[in-house]
Number of protein chains: 2
Amino acid sequence: MGEKIQQIYEPLNSSTAIALVNRLGLFPENSALTCSEIGDGNLNYVFHIVDAGTGKGIIIKQALPYAKVVGESWPLTLKRAVIEANALKIFGSFCPELVPKVYYSDEQLAITVMEDLSHLKIARTGLIEEEEYPLLSKHIGQYLAKTFFYTSDFFLEPGKKKDFAKQFTNPELCKITEDLVFSDPFFDAETNDFESALRQDAETLWADEKLKLEAAKLKKSFMTEQEVLLHGDLHTGSIFASAEETKVIDPEFAFYGPAGFDLGQYLANLIFQVISRKGSSRENIYAHLKEVWETFEDEFSRLWKEEGKEVYCKTQGYLEYILEKTFTDSLGFAGCELIRRTIGLAHVKDLDSIAHEAERIHAKRTALQLGRALIINRQQEARIESLETIVKDSLLAASLS
Amino acid sequence: MGEKIQQIYEPLNSSTAIALVNRLGLFPENSALTCSEIGDGNLNYVFHIVDAGTGKGIIIKQALPYAKVVGESWPLTLKRAVIEANALKIFGSFCPELVPKVYYSDEQLAITVMEDLSHLKIARTGLIEEEEYPLLSKHIGQYLAKTFFYTSDFFLEPGKKKDFAKQFTNPELCKITEDLVFSDPFFDAETNDFESALRQDAETLWADEKLKLEAAKLKKSFMTEQEVLLHGDLHTGSIFASAEETKVIDPEFAFYGPAGFDLGQYLANLIFQVISRKGSSRENIYAHLKEVWETFEDEFSRLWKEEGKEVYCKTQGYLEYILEKTFTDSLGFAGCELIRRTIGLAHVKDLDSIAHEAERIHAKRTALQLGRALIINRQQEARIESLETIVKDSLLAASLS
């Protein structure tokens, strides 16, 4: 190890990873440590180091300078590791119980050493298995309320907020979202990926100028509105959960953007569960949709009233305006997520794992129709109950078509 | 001079200013140079150096580390000199004929050496004297179209735009606008300054929750929407003009903000002329209001169609949406400017120089009413003709009250 490893990036392996945690003194001396690389993403190494004696573990996450999915041909900034570590620290300062603890981070090596959460399951996996997470959406609602409020101009001194916005300028990862969420799925782009049975649906969508105009506005909002420090990729694969615990991980896409974006991605990924489930097991997910919004609304309103620093926080109707804007934005962003996960580059297991082809195509068609409905109608729907209505209407329409 | 002056800030005086231009070789050797400090602002020194032989001059602007108006008690960042010099260079790259040339800038000394424009008059002064500027609003419309388009996501590569936004993070000067334009005039703040005859009007305004809600939204837009690189202080005192020429100066408030802000400040400062003029001489100003918008609209639309890089530039209705948003935002920002220049800290000579007290109070009351109308009704008014109607209605209402 020594000085050199502090200066130059090199990928860790099991033995250098163990040497690092020993150097940091994160385990008692002479612990019998084992190390395995457990990353299932395509952008990072994830080393799980366990003390065989006590069973206690820690995680070392190291950013790779390229995306594994396409070999070394897609270079990616290592700065995202710094963004992630700093975002975890900031989010952890508002809701320590909902974010993994960071023990150490190293900018040159692009690593973050953090809490081992291997006793939890990725929420997407658990939801697909129809596990119940009675606290998940309450926790996410609290997480969103706190991270939104405490990083906004309603609480932060304006200069401090501008410092944060500068620090979290994240052009490379924002570009991925700008292209893969907001642009490519709405055009006949090379990155798109879908079953040939969906070609007609995709072509109809690409020709839908009304939809594209609204997608353009949502992309513009994503690119210009510095409302809050976002997670930036808050789908159910970025959440570890159990019946008791919830931990939001992987904020490497963090940047200052529109508050509705994180909420919208979470809503959309719950909606994939509504679409892929059958019958009464959908009700559980409708309850999640309602709970995340209602918890967010209650907690954000409480923070606004008790801790709002902006002089206009006391102005009649301003809180309601912010809540309504956040909600309607989130429906639009949810619509984009539904569409891009269906015909864009990166899919979700919720839909792709439906074995029966006709059922899978039907589910994807429903996702596209629902995505469109949310984007087009978002301004008319100012209440969470409307979301359930839109979803149910789309499911009904799809079942009749 | 030597090394030391490159390292440490110190205020220039006439002899060090002359030594600087000699060192830079901006005049022929052995020229007989005279120097006078001509700054009439309160934030900067402005040295005018003239070659007595040829009559040619140059300007050295040096930022002061405090605001002169309140002695040394209001410290101000010197970084604004760098912001100003860099903004002049960027704006000048799009419309060289509308911005002073920058010959040299020095970050440590907080100076910008630039083109001498002393053959021109400050537009506010000329307008008060009822000089005609047949090209002024055409030039400003072109300036706005080019600076907006070429610094927006519609043209710039997204990473480059984010670099610019970071570079032009300008918290101290934005804070002045946030407080003095968007907050203080709408509350009983200590910075406010108005004749006692206006107290009742001010108190009515401070109790107007409907108005304050809209002001809150405009402040939020100013603080969060990174649409374009703004001048940030584009009133008629920031413009040099003659019958043939127009030069936009002093962009020390430059930052990435909502496109309608610069346009709104320019509109409002023209409207002060409508209010302070009488009878048919108002028509000239109505023509300016129409011309700046129509030139902006035409030129921005042309750039969008010919050079738009954003994939959605071809989507039906998107250009119209952007134009409408820019226009309605600008009406709201114009309303804030009308109000803050009337009861806030910094006034305009257009109104303050009206000698007859009853006339002056009447004019200011009109400005307040018109400011309110523009802020409240901005969403309903999507055409430039409506602006003239609102202005005329307010003048009529004021004359009857």
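The values are calculated or read from the model by the stated rules, or taken from the named source; none is laboratory data. What you see is a predicted model; the values in this text were computed from it and never measured. Backbone-built Cβ (ideal geometry, glycine too); neighbour counts: all protein chains shown. Protein only, heavy atoms only, side chains kept; ligands, DNA and RNA dropped before computing areas. Shrake-Rupley method; radii C 1.70, N 1.55, O 1.52, S 1.80 Å.
What to note about this one:
- Distance from the Cα centroid of the range B:156-190 to that of the range B:264-292 is 27 Å (rounded to whole angstrom).
- At 7 Å out from Cα toward Cβ: B:ARG23 inter-copy label distances (nm, ascending): 4.5
- For the protein assembly as shown, the 222 nm mean residue ellipticity estimated from helices alone, with every DSSP H stretch of n ≥ 4 adding -39500 (n - 2.57) and the total spread over all residues, rounds to -16500 deg cm²/dmol.
- Based on Cα atoms of the protein assembly as shown, Rg over Rh with Rh as the Kirkwood radius reads 1.01.
- Take B:GLU195, push a point 7 Å out from Cα through the beta-carbon direction, and compare it with the same point in every other copy: 7.7 nm, smallest first.
- Dividing the Cα radius of gyration of the range A:73-118 by 2.2 N^0.38 Å, with N the residue count, gives 1.24.
- Peptide B:209-221 has a mean shielding of 5, counted as Cβ atoms of other protein chains within 10 Å of each residue's Cβ.
- Segments A:228-240, A:134-146, A:153-165 sorted - mean Cβ within 10 Å per residue, highest first: A:228-240, A:134-146, A:153-165
- Summing charges over neighbours of B:ASP352, with a neighbour being any other residue whose Cβ is under 11 Å away from its Cβ, gives +1 when K and R count +1 and D and E count -1.
- Eligible aspartates and glutamates near B:LYS212 by straight Cα distance, threshold 12 Å, same-chain separation 8 or greater: B:ASP184
- Residue by residue along B:311-324, Cβ atoms of other protein chains within 10 Å of the local Cβ number 5 on average.
- Those lysines that a straight Cα-Cα span of less than 19 Å connects to A:LYS392, excepting residues fewer than 8 apart in one chain: A:LYS278, A:LYS290, A:LYS364
- Set of lysines with alpha-carbon distance to B:LYS121 below 20 Å, sequence-local pairs under 8 removed: B:LYS56, B:LYS61, B:LYS101, B:LYS138, B:LYS247, B:LYS349
- Relative packing of peptides A:199-206, A:57-64, B:193-200 - highest average C-beta neighbours within 10 Å first: A:57-64, A:199-206, B:193-200
- Diffusion of chain B by Stokes-Einstein, at 20 °C in a medium of 1.002 mPa s and with Rh set to the Kirkwood radius over alpha-carbon pairs, works out to 97 µm²/s.
- For the protein assembly as shown, accessible area per residue (1.4 Å probe, heavy atoms of protein chains only), Å²: 39
- Cα gyration tensor shape for the range B:14-115, rounded if a/c is under 1.5, else prolate or oblate: oblate
- Cβ neighbours within 10 Å from other chains - mean over A:164-171: 4
- A:ALA346/A:HIS119 FRET efficiency (R0 35 Å; Cβ-Cβ; nearest 0.05): 0.80
- Each peptide among B:384-394, B:105-115 gets the average number of other Cβ atoms lying within 10 Å of its residues, and from highest to lowest they stand as B:105-115, B:384-394.
- With label points defined 7 Å past Cα in the direction of Cβ, position B:LYS309 shows copy-to-copy spacings of 3.6 nm, given to one decimal and shortest first.
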